[in-house]
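Report on the following structure.
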Amino acid sequence: MADIAQHLFGPFAGIGALDLPNTELVEPFDGLLGMFYTKIVNQAGHDNAWFAEQAVPAGPGRVLDLCCGGGRSAVELARAGHEVTAVDISPIQLAAAQKRAAEFGVTDRMAFVRADVTTLDLGRAFDAVVIGGLSVTLFDGDARTALLDTVTRHLAPGGRLLFDHAPAQPDEQESEKVFTVPIRLRERTGFVLVGTLRRPGLRTQFTNMSAELTDKECRTTRQLTGFRFWIDSTERVKEELARHGLSVVAAHRDPEAGAEGQSPATMREFLVAERVK
């Protein structure tokens, strides 16, 4: 949990320093905050449709979804007729993905694998590999290299890698954004404080979440987490992909991006790369 504490900033670091009772540091994509994160990202839909449309232009094929999370992209790909293998290391996220697949009636076209994507070896090739939810930006250095090795290990020649990232913008300045989301979970009510601190000069963006829930007996529990995105220019990402035999053939700005774009979602760009060797 030491890494999580190091990723906290501003009010989140302040909450952690208070040492309040019933306050727990948790892994970013597990526990209550993991469920909250899944619920929030499931509200978006345009990116899933884009992945489904771009994955295999010739028609339905075999698609590998790495870091599948709650299954947004994986389920949309299956609904489009693709055979999908969805991989994530979090049991909570995989359970959410399986539930979503059942709700949309596509379980028969999907397989779920709990594994570390940096060491994954399924022993077969796919027509496309998808990495959504800005997951690529969670990896850097040796971990990013290992992730891209996994991609090339599973991508058929000519196959497509599709992913999103939050590229650094020219002359972009450091920015911080914090907002609150009210929540109700069974008989408990409260809020989640969500914040981002973007430091393009350090190739870094921190995302923090702090949840506080109170039950009918006025007992309060708190969970706190933080994680880091790595942000790079599109050109740097292209160079990195080229070293793994992947050539970018298309780039698309998020159609829902705001003009001011000071959060990971509003800065998002989608890339399509093909395996050339």
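The table that follows gives values for the structure above.
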{"quantity": "Residue list for segment 131-144, filter: in contact (Cβ under 8 Å) with a residue 24 or more places away in the chain and out of contact with any His (no Cβ under 6 Å at 6 or more places or on another chain)", "calculated": "I131, G132, G133, L134, S135, L138, F139, D140, A143, R144"}
{"quantity": "Qualifying residue in segment 221-232 (condition: farther than 29 Å from D3 by Cα, touching a residue at least 24 places away in the same chain (Cβ under 8 Å), in contact with a Ser or Thr (Cβ under 9 Å, 6 or more places away or on another chain) and among the aliphatic types (A, V, I, L, M))", "calculated": "no"}
{"quantity": "Subset of segment 1-33 that is outside any helix (DSSP H, G or I) and aromatic (F, W, Y) - its residue that is surrounded by the fewest Cβ atoms within 10 Å (Cβ to Cβ)", "calculated": "F9"}
{"quantity": "Segment 173-187: number of residues that are among the basic types (K, R) and closer than 15 Å to T207 by Cβ", "calculated": "1"}
{"quantity": "One residue from Q93, Q98 being in a helix (DSSP H, G or I), surrounded by fewer than 19 Cβ atoms within 10 Å (Cβ to Cβ) and among the polar types (S, T, N, Q)", "calculated": "Q98"}
{"quantity": "Tally of residues being of a type in the set (A, V, I, L, M, F, W, C) and in contact (Cβ under 8 Å) with a residue 60 or more places away in the chain across segment 233-248", "calculated": "3"}
{"quantity": "Number of positions in segment 73-123 that are small (G, A, S) and in contact with a Lys or Arg (Cβ under 6 Å, 6 or more places away or on another chain)", "calculated": "1"}
{"quantity": "Qualifying position, being over 16 Å from the mean Cα position of the chain (by Cα), free of Cβ contacts under 8 Å to residues at least 12 places away in the same chain and assigned to a loop (DSSP other than H, G, I, E, B), among G81, G59, G105", "calculated": "G105"}
{"quantity": "From the options F12, F36, residue that is within 17 Å of the chain's Cα centre (by Cα), aromatic (F, W, Y), closer than 19 Å to A211 by Cβ and not assigned by TED's automatic domain parsing to the domain that holds V248", "calculated": "F36"}
{"quantity": "Those residues of segment 185-229 which are basic (K, R), part of a strand (DSSP E or B) and farther than 29 Å from E174 by Cα, in sequence order", "calculated": "R188"}
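Listed here are the residues, each with its yes/no results for (1) at pLDDT below 90; (2) touching a helix residue (DSSP H, G or I) at 6+ places or on another chain (Cβ under 9 Å); (3) β-branched (V, I, T).
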residue	(1), (2), (3)
L155	no, no, no
T180	no, no, yes
L193	no, yes, no
N208	no, yes, no
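The values are calculated or read from the model by the stated rules, or taken from the named source; none is laboratory data. None of the values given here were measured: they were computed from a predicted structure. Because the Cβ atoms are built from the backbone with ideal geometry, glycine has one as well, and the counts that use them run over all protein chains shown.
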